[in-house]
Structure formats: structure tokens, C-alpha cells
Amino acid sequence: MSFLVEYTDPQWRNLNMRDLHVDEAYMYLQSHYENRSYLYTLSDECYTCPYTKVKALPAASSASLEPLKLSSASALSFKIYEHDQGRYAYDNVSSLCALRRSDLQEFGVYNLTLLSNGSCDFAVDKPGVPINYAFLSVFVLVAALLIVLKLVSCAWKRYRYDEAAAAADSIGDAAAKATQRKRLRSLDTFRGLSIVLMIFVNSGGGGYNWIEHAAWNGLHLADIVFPSFLWIMGVCIPLSIKAQLGRGISKSRICLRILWRACKLFAIGLCLNSTYGPQLEQLRLMGVLQRFGIAYLIVGVVHTLCSRRDQLSPQRAWQRAIYDICLFSGELALLLALIASYLGLTFGLNVPGCPRGYLGPGGKSNNAANPNCIGGAAGYVDLLVLSNNHIYQHPTAKYVYDATAFDPEGIFGCLLSVVQTLLGAFAGVTLLVHATWQSRLKRWLLCATLLGLLGGALCGFSKEQGIIPVNKNLWSLSFVFVTVALALLLLSLLYYVIDVRQVWSGYPFTECGMNAIIMYVGHTVMHKMLPWHWRIASMNTHFLLLLESVWNTLLWVGIALYLDARQFYYSL
């Protein structure tokens with residue numbers, strides 16, 4: 001069973017295997033070539049990049065060089081050149097030998113030898129370990145823990161309460177909650193699922209590459225969370241505004257409430273950015289909650305101004321079929337205007353030193369042709385407005401592409417974040433206009449199909465090709481369409497299972513969704529504190545990192561369940 005926790009021998013030959021981190025391996029180098037040579041590598045994760053110099057190999061020697069640490073997260077290509085090519089090596093220069101390995105494993109040891117004739121020989125010295133079995137191990141441990149807690153809970157209830165009284169209390173509580181909360185449980189479940197997943201990925205997600213944010217283009221698990229949260233916020237806006245209008249609250253008062261809540265979101269986000277010290281000269285101004293606040297303010301105010309107090313459904317079937325679109329016409333005009341502004345600025349703005357319409361990460365991408373052009377128009381606008389000191393300094397692209405600072409939650413991306421929220425608001429209007437669950441699901445699934453096809457067409461149904469690739473960093477148009485399509489599909493499923501068929505109550509995600517702001521702020525503030533986070537030795541396996549991430553996530557789920565049991569709910 002040792003493979004389930006990525007066990008490896010502490011020592012291999014003269015190597016300390018405990019010095020390796022997750023997704024790392026050792027590689028011995030040896031050269032029998034008569035002249036000095038130079039090793040360059042390229043990861044598959046770095047698209048259109050040149051090879052990067054790693055190490056100089058001395059002339060023919062019988063002894064192996066100091067072993068290298070390699071990343072095993074993605075396939076690696078190797079080239080050895082007879083002459084030093086500088087920091088980067090390009091395809092216009094021939095190499096002595098070249099090879100690509102997609103079978104590198106964590107904690108493996110490999111040998112790369114440059115033979116006297118200039119060819120390369122690659123051999124496995126020690127096989128690595130599988131990394132995905134850790135999911136099974138953690139699942140078994142968590143399942144066992146939950147079963148034990150359930151048994152203890154049942155035993156305590158039986159000891160403390162009479163079964164009939166307990167059942168009556170349970171029915172009474174359920175009825176009270178049903179009376180207090182009239183909105184669909186699937187909405188809270190969707191929000192709760194989003195916040196739980198957000199806490200999990202923010203806790204490291206076990207260190208798995210496919211869970212963490214994509215370096216630039218592409219869609220990983222972590223990239224779906226934030227847009228889903230924005231979208232479901234948009235879904236709830238029409239429901240909230242209709243309820244307030246129904247109570248006779250004036251539109252001006254509703255707009256003031258929206259402004260106040262948006263200011264609180266922005267202020268909390270700004271405070272969270274100072275977690276590691278409030279150095280005002282270098283304080284990041286934008287962030288997740290700041291973008292929430294901006295999107296909520298714009299969509300909430302616009303929808304309030306466009307809303308009608310009397311929304312009588314037309315009599316004719318074809319009019320009822322498009323009535324939600326008619327009611328949403330004002331917001332739809334804003335949505336199209338924002339998309340047009342985004343496209344005009346992205347492909348029309350003249351960014352100094354960069355190609356017009358550039359969407360790449362800069363750095364060494366495109367063979368280092370545009371090193372200071374990260375994000376094109378988006379990066380340029382954020383740099384002009386916020387300055388370099390007040391944007392995010394550690395984007396993933398910085399470590400993969402040698403790129404400069406870039407803020408994935410910057411000002412320019414707010415354009416399409418508002419579009420994301422507006423598309424959520426349209427789904428909310430559909431809830432209000434269409435009375436039957438069949439008509440709601442048909443509308444949502446039709447929208448999901450259309451948006452999915454539009455997003456796929458824009459990105460060429462590929463990761464790197466197409467006019468506008470799917471990119472969370474840029475909050476690209478294809479990213480908006482694809483993530484909204486996924487959100488519509490998930491909400492349709494939850495709505496059908498929870499609210500229509502009632503085969504699942506949404507537990508425990510519904511309870512998490514009812515206190516999402518507490519969970520988000522709490523896990524951000526207590527990111528490195530016990531008991532939520534802990535460290536044991538080097539923490540260099542996916543198993544330990546995954547166990548810690550799941551533990552942290554479950555603690556916050558437990559807190560949400562406790563708050564729900566106390567009937568404590570907080571919203572801004």
C-alpha cells in the first residue's frame with residue numbers, strides 16, 4: 001500500500017530523495033564528447049518558447065556531474081548544443097542531439113549521457129512513483145472520518161434526546177427554514193459548491209498541475225471557480241431586486257444599497273490584500289472581491305433601473321417564449337456595448353512595442369519576440385491606470401514564461417466580468433419569467449449550447465489556437481462564454497436534482513452557500529494558521545498536500561454547518 005502515499009526510499013545512491021518537492025525528479029548528466037557542450041530544456045507547458053539554458057557540460061569525463069532537479073509535471077524536451085547559445089536557444093541553430101520525454105515521474109532518477117559521437121542516451125536509473133493514487137488514499141481516510149463522526153453524532157442524539165422529540169424538532173426546524181428561505185435551494189448549493197471548491201484550490205489543491213491555474217491559455221479546475229461565483233451572483237440579482245420592488249422599496253434606495261454593498265466588498269478585498277503587510281506604496285489595488293464589487297455595482301444598478309414593477313406575462317405563446325429577452329433588453333444593450341468595447345480595445349489599441357491585438361504572455365513566448373507585452377491591451381491599460389507597484393507581482397506566467405508582472409483581476413478584465421455577471425442575471429430573469437421547470441431548463445440548456453459553441457469557435461476548439469483563446473488571466477471572451485456554458489449546465493443539473501426531483505437537499509453545500517462571505521474571508525485571513533493548515537517535515541508529496549487541503553476545506557464546511565445549526569447567516 002506504500003504507493004498510495006507516494007513512498008520512496010529516503011536515499012538513492014548518493015541522493016537525498018527527501019530534498020525533492022512534488023513533481024520533481026533527479027537527472028544525472030555525463031558527457032563523453034570531446035568538447036565542452038551546453039544543455040537546454042523546454043517544457044510542454046511553455047507554448048512557442050525557445051529552449052532555456054540549464055547547464056554547461058565539460059569535455060569528456062568519466063565522472064557524472066552534480067544531478068539536476070527536473071520538473072515532472074509536464075513533458076520535457078532536451079537539446080545539447082556544441083556552442084553556448086546564450087540564455088535561450090532557437091530552432092534556427094542545429095543541436096548535437098535532441099530528445100523529448102513524456103514519461104518523467106515524481107521521485108524518479110534518470111541518466112542523460114552525451115556520447116562521443118554527439119548522440120544522446122537516456123536511461124531510467126530509478127523509476128518514479130504514481131501520483132494519482134493519493135486521491136484514493138485521502139478519499140478513504142475522509143470517508144472513514146465522516147462515518148465515525150456520523151456514528152458519534154447518532155449515538156449522542158440517542159443518548160440525549162428522545163427519538164420522537166428529536167424527529168419533531170427536526171421537522172419543525174426544516175419547516176421553519178422552508179418558511180424563512182423561499183428561494184431555490186439549488187442556487188445556494190451552486191454558491192456553496194463554488195466556495196468549497198475555491199477554498200480547496202486556494203489551499204493548494206494537493207499540488208496537482210491540472211487543479212492549479214493554467215499558466216496562460218487553457219482551462220484548469222481552479223480557473224472555473226471565480227467565474228462561476230460571479231455568474232451565480234448575477235443570477236441572484238434579479239430575484240433580490242424583484243423582492244425589494246415588491247415590498248415597495250424605491251429604485252433610488254435599492255441603488256444606494258447596491259452601492260454600499262459594492263463599497264464594502266471592495267474595501268474588504270483591499271484589506272485582504274494587505275495580509276502580508278500594509279505597505280501602501282506597493283499595495284495591490286485590485287483583487288477577487290474588488291472585481292465582485294465592481295461587477296455587482298454595475299449589474300445591480302443597471303438591472304434596477306431597467307426593472308418593471310408589473311411584469312405581466314403576455315398571453316401568446318411566442319411572446320412568452322421571448323419575454324425574458326424583452327425584459328432584459330436594456331441589460332442586453334449594455335452587454336453588447338461592453339463586448340464591443342473589449343474587442344475594440346483588445347484588437348485596436350496601439351500598445352507601444354507590441355503587435356496590435358497581442359494576447360500572449362510576453363516573456364519568452366513566441367521565441368521571446370515580445371518580452372514586455374504580457375496581456376497586450378489588458379496589461380497595458382492596467383499598467384497605465386494602476387502602475388506597476390499596485391498590480392499583482394507573481395502571475396503564473398512569470399515562472400513559466402519569464403514574464404513580467406500582470407494582474408489577473410485587473411481593471412481591463414472588469415469589462416467582461418460585468419458581461420459574465422449580466423449573463424448570470426439573464427438566467428435569473430429566466431427563473432422569474434418562466435413558471436415551469438421544463439421551460440427553465442430548456443432556456444438554460446439552449447443558452448449553454450449556444451455559448452459553448454460560440455466560445456469553442458472563438459478558441460478554435462483548442463487550447464492555443466483560434467482568434468481568442470480561453471484565458472482566465474485575460475478574462476477573454478471565449479473564457480466567459482465557455483465558463484458560463486459550464487455554469488448553466490451545472491445549475492440545470494442541480495435545479496433538476498434538488499428543486500424538481502428533490503432527491504438531494506444540497507447538503508452540505510447549501511449551508512456553505514448561505515455563509516459564503518464568511519468562508520471566503522475566514523479562509524483567506526487564516527491561511528497559515530492552525531488548525532486549518534499544518535506542516536509535517538518537508539510536505540513533499542501530493543498525498544500530504546492533498547490531505548492538508550481537504551482537511552482545511554472540511555473544517556470550513558464544518559464551520560458553515562455549525563453556523564447553519566445556530567441559524568446565523570451573514571451577507572454584506
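The values are calculated or read from the model by the stated rules, or taken from the named source; none is laboratory data. Owing to the predicted nature of the structure, the values given are computational and were not obtained by experimental measurement. Don't worry about glycine lacking a Cβ; one is built from the backbone with ideal geometry, like all the others, and counts go over all protein chains shown. Ligands, DNA and RNA are stripped out before the accessible areas are found, and what is left, the full protein with its side chains, is counted by its heavy atoms. Shrake-Rupley method; radii C 1.70, N 1.55, O 1.52, S 1.80 Å.
For the chain, calculate the relative contact order in percent as a whole number, restricting contacts to Cα pairs under 8 Å that are 6 or more residues apart.
Contact order relative to length: 18 percent.
Determine, for each peptide in 64-71, 35-42, the mean count of other beta carbons within 10 angstrom over its residues, then list the peptides with the highest first.
The peptides rank, most packed first, as 35-42, 64-71.
Return the aspartates and glutamates within reach of residue 364: Cα separation strictly under 12 angstrom, same-chain partners fewer than 8 residues apart disregarded; answer none if there are no such residues.
By straight Cα distance, residue 364 reaches 402.
Report the full-extension gain for the segment residue 387 to residue 281: residue separation times 0.36 nm, less the Cα-Cα distance, to one decimal in nm.
37.1 nm
Let me know the shape class of the chain, please: from the alpha-carbon gyration tensor, a ≥ b ≥ c as square roots of the eigenvalues, rounded when a/c is under 1.5, otherwise prolate if a/b is greater than b/c, or oblate.
oblate
Just tell me, in residue order, which DSSP H segments of the chain are both 20 angstrom or longer along the helix axis (alpha-carbon based) and at least 1.0 in mean Kyte-Doolittle hydropathy.
The qualifying helices are 133-160, 221-246, 251-272, 288-306, 329-348, 414-433, 477-494, 542-565.
Treating cross-link reach as a plain straight distance, find the aspartates and glutamates whose alpha-carbon is under 13 Å from the alpha-carbon of residue 242, omitting any fewer than eight places away in the same chain.
Answer for residue 242, where 13 Å is the Cα cut-off: 310, listed by chain and number.
Relative contact order, percent, of segment 1-120 when contacts are C-alpha pairs under 8 Å separated by at least 6 residues?
34
Rounded to the nearest percent, how much of the accessible area of the chain (1.4 Å probe, protein heavy atoms only) is carbon and sulfur?
61
From the P(r) of segment 261-385, could you give the percentage of C-alpha pairs in the tail past 16 Å?
Roughly 75 percent, rounded to a whole number.
So if we plug the beta-carbon distance of residue 343 and residue 561 into 1/(1 + (r/R0)^6) with R0 = 56 Å, what FRET efficiency do we get, rounded to 0.05?
0.80
Determine the per residue accessible area of the chain with all protein chains present and a 1.4 angstrom probe, expressed in square angstrom.
I get 48 Å² per residue for the chain.
Keeping every protein chain in place, order 229, 479 by accessible area at 1.4 Å, biggest value first, i.e. largest first.
Per-residue accessible area, sorted high to low, gives 229, 479.
Once a ≥ b ≥ c are taken as the square roots of the eigenvalues of the Cα gyration tensor of segment 1-118, is the result rounded (a/c under 1.5), prolate (a/b larger than b/c) or oblate (a/b not larger than b/c)?
Note, shape of segment 1-118 comes out oblate.
Output the relative contact order of segment 317-420, whole-number percent, from Cα pairs under 8 angstrom with separation of 6+ residues.
Worked out over segment 317-420, it gives 23 percent.
In nm, to one decimal, how far is the modelled label at residue 139 from the one at residue 113, with both set 7 Å along Cα→Cβ?
Result: 4.2 nm between the two label points.
How big is segment 208-301 by the Kirkwood estimate over distinct Cα pairs, in Å?
So the Kirkwood estimate lands at 15.4 Å.
Relative to the present Cα-Cα distance, how much length would full extension add between residue 525 and residue 60 at 0.36 nm per residue of separation?
161.9 nm
Expressed in nm to one decimal, what extension gain is obtained for the pair residue 437 and residue 305 from 0.36 nm per residue of sequence separation less their Cα-Cα distance?
Once the chain is fully extended between residue 437 and residue 305, it gains 44.7 nm.
So which of 53/472; 53/126; 79/126; 69/126 end up more than 20 Å apart, counting from Cα to Cα?
53/472; 53/126; 79/126
Quick one: how many Å² of residue 570 are accessible to a 1.4 Å probe, rounded to 10?
Counting only protein heavy atoms, the figure is 100 Å².
Mind ordering 481-491, 276-286 by average Cβ neighbours within 10 Å, highest first?
Per-residue Cβ counts within 10 Å, averaged per peptide and sorted highest first, yield 481-491, 276-286.
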